[in-house]
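Worksheet for the structure shown next.
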Amino acid sequence: MAEKDPIKVCVTGAAGQIAYSLLYQVAKGQVFGDDQPIILTLLDIPPMMPVLQGVVMELDDCAFSLLREVIPTSDEAVAFKDIDAAMLVGAMPRREGMERKDLLAANVKIFKSQGKSLDANAKKTVKVVVVGNPANTNALICKKYAPSIPAENFSCLTRLDQNRAKAQIAGRVGVTIDSVKNVIIWGNHSSTQFPDVSHGTVSVKGTAVPVSEAVKDDNWIKNEFIKTVQQRGAAVIKARKLSSAMSAAKATGDHMRDWFKGTPQGEYTSMGIVSDGSYGIEAGLVYSFPVTIDKSGKYTIVQGLEVDTFAREKMDATANELKQEMTTALEVCSD
Ligand code: NAD
Ligand code: LMR
């Protein structure tokens with residue numbers, strides 16, 4: 001069979017921690033497919049260019065069969081030229097004791113600039129995932145400054161939270177990770193997010209049962225489980241003195257793979273996307289919803305899930321935090 005044409009993929013923050021794990025997955029074919037040749041553009045800031053050269057040397061030395069070209073640069077216009085996919089990782093990470101929104105003023109301007117440059121340089125079909133924090137609001141700003149690219153092409157990463165939630169449930173029940181399905185992350189990638197297992201299932205000895213039936217402890221689900229997932233990023237920072245990187249890179253790859261290839265039959269996944277008003281969430285906010293994705297890469301928000309009073313309160317609390325972040329971000333970007 002004839003070889004596919006290469007796709008052009010940009011990773012920003014390419015000299016940083018997350019990129020170091022992410023680039024391997026992308027170049028190895030674990031994200032876009034093992035028959036999909038890749039041209040990589042790698043963006044970082046000018047002082048990091050010597051470090052980035054080292055990363056490029058390592059990419060060469062990995063001898064990846066699918067990697068056709070690597071373009072390291074500190075110029076957004078070069079990095080975004082005609083790209084099909086953008087993984088916007090480059091931003092300051094938080095340190096111990098900070099909330100992710102504390103990064104807002106420092107990071108949001110990066111996404112204003114990159115939104116403008118994507119608008120001017122990327123393909124109009126580009127799929128963008130924002131990883132740099134505060135991820136939802138950075139994605140909102142990026143989209144705002146890229147008006148010629150459809151809103152549905154912008155997303156932010158909440159797959160890490162979903163993976164964390166699945167791991168907690170699998171560990172509690174004593175099953176493998178793939179036995180846990182349809183765990184949802186609603187809202188912000190922050191400590192107000194709502195990890196929701198009320199529509200999820202666990203496969204026990206081949207039969208899918210509701211998570212609550214498998215866990216048999218509603219108090220744990222409503223308290224310790226939710227708090228553990230909400231605080232997992234902070235727990236990793238406390239332990240590593242650095243923010244999560246290997247797991248963040250894995251989740252970024254998972255997010256993009258599902259977005260390009262589709263979600264498995266009968267399963268949904270969570271993505272921060274521009275709200276269309278579903279579930280009463282203000283249109284325009286970048287909010288994490290459960291979605292299914294078809295083979296052509298089009299996502300649809302899962303509709304009709306029952307929302308009880310407990311869930312409603314949590315979904316609204318995280319939406320309110322996002323509204324406040326949006327107001328602050330728009331102020332920061334207005335000068
Ligand atoms: P890092 O400090 O190791 O790397 C960040 C890189 O971004 C650095 O090389 C830096 O020079 C570069 N950078 C800074 N400004 C840039 C710009 N304008 N353009 C291009 N590159 C730029 O940090 P990291 O651990 O890789 O984390 C990156 C971001 O991802 C942080 O904001 C972190 O909080 C966030 N993060 C998000 C999630 C998530 O689930 N959404 C998970 C983990 C980390
Ligand atoms: C994470 O969830 O690990 C990242 O968002 C890093 C952080 O600041 O928590």
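The values are calculated or read from the model by the stated rules, or taken from the named source; none is laboratory data. A quick note: this is a predicted structure, and the numbers were derived from the prediction, not measured. Every residue, glycine as well, gets a Cβ built from its backbone with ideal geometry; the counts of neighbours run over all protein chains shown.
In the set Leu104, Leu118, only one residue is surrounded by fewer than 24 Cβ atoms within 10 Å (Cβ to Cβ), within 14 Å of ligand 1 (Cβ to nearest atom) and either among the basic types (Lys, Arg) or under 25 Å from Ser270 (Cβ atoms) (or both); that residue is Leu104. Any residue in segment 85-108 that is touching a strand residue (DSSP E or B) at 6+ places or on another chain (Cβ under 7 Å) and among the polar types (S, T, N, Q)? The answer is no, given that none of the residues of segment 85-108 is touching a strand residue (DSSP E or B) at 6+ places or on another chain (Cβ under 7 Å) and among the polar types (S, T, N, Q).
Only one entry in Asp61, Asp84 is of a type outside the set (A, V, I, L, M, F, W, C), closer than 20 Å to Lys127 by Cβ and out of contact with any helix residue (DSSP H, G or I) (no Cβ under 6 Å at 6 or more places or on another chain), namely Asp84. Scanning segment 60-69 for residues that are farther than 21 Å from Lys4 by Cα and either touching a residue at least 24 places away in the same chain (Cβ under 8 Å) or within 16 Å of ligand 2 (Cβ to nearest atom) (or both) yields one hit, Cys62.
Residue pairs whose Cβ atoms lie under 9 Å apart, sitting 6 or more positions apart in sequence or on different chains, and linking a residue in segment 96-115 that is under 19 Å from Val236 (Cβ atoms) and more than 13 Å from ligand 2 (Cβ to nearest atom) to a partner that is part of a helix (DSSP H, G or I) and modelled with pLDDT of 95 or more, do not occur here. Restricting segment 132-149 to residues that are among the hydrophobic types (A, V, I, L, M, F, W, C) and over 19 Å from Pro195 (Cβ atoms) leaves a set whose member that is farthest from ligand 1 (Cβ to nearest atom) is Ile149. Yes or no: Thr125 out of contact with any helix residue (DSSP H, G or I) (no Cβ under 6 Å at 6 or more places or on another chain), free of Cβ contacts under 8 Å to residues at least 12 places away in the same chain, more than 20 Å from Ala245 (Cβ to Cβ) and not acidic (Asp, Glu)? No. Against the criterion of being under 30 Å from Ile226 (Cβ atoms), modelled with pLDDT of 95 or more, more than 10 Å from ligand 1 (Cβ to nearest atom) and surrounded by fewer than 22 Cβ atoms within 10 Å (Cβ to Cβ), Glu152 qualifies. Restricting the search to strands (runs of 3 or more DSSP E) fully inside segment 169-273 and requiring at least 2 residues that are farther than 21 Å from Gln25 by Cα and either among the aliphatic types (A, V, I, L, M) or more than 16 Å from ligand 1 (Cβ to nearest atom) (or both) gives 184-186, 201-204, 207-210. Residues satisfying the criterion are absent from segment 277-285 (criterion: under 17 Å from Val128 (Cα atoms), within 15 Å of ligand 1 (Cβ to nearest atom), at pLDDT 95 or above and surrounded by 15 or more Cβ atoms within 10 Å (Cβ to Cβ)). Checking each residue in segment 70-95 for being touching a residue at least 60 places away in the same chain (Cβ under 8 Å) and either exposed (fewer than 15 other Cβ atoms within 10 Å of the Cβ) or not in a loop (DSSP other than H, G, I, E, B) (or both) picks out Ala79, Phe80, Asp82, Ala85, Ala86, Met87, Leu88, Arg95. Using the structure shown, decide if Asn136 is within 15 Å of Val274 (Cα to Cα), surrounded by 21 or more Cβ atoms within 10 Å (Cβ to Cβ) and among the polar types (S, T, N, Q). In short, yes. In segment 4-26, the residues that are touching a residue at least 60 places away in the same chain (Cβ under 8 Å) and surrounded by fewer than 23 Cβ atoms within 10 Å (Cβ to Cβ) never reach a residue that is among the acidic types (Asp, Glu) and assigned to a strand (DSSP E or B) with C-beta atoms less than 7 angstrom apart, at least six apart or across chains.
So, of the residues in segment 15-67 that are in a helix (DSSP H, G or I) and of a type in the set (Gly, Ala, Ser), which turns out to be farthest from ligand 1 (Cβ to nearest atom)? That would be Ala27.
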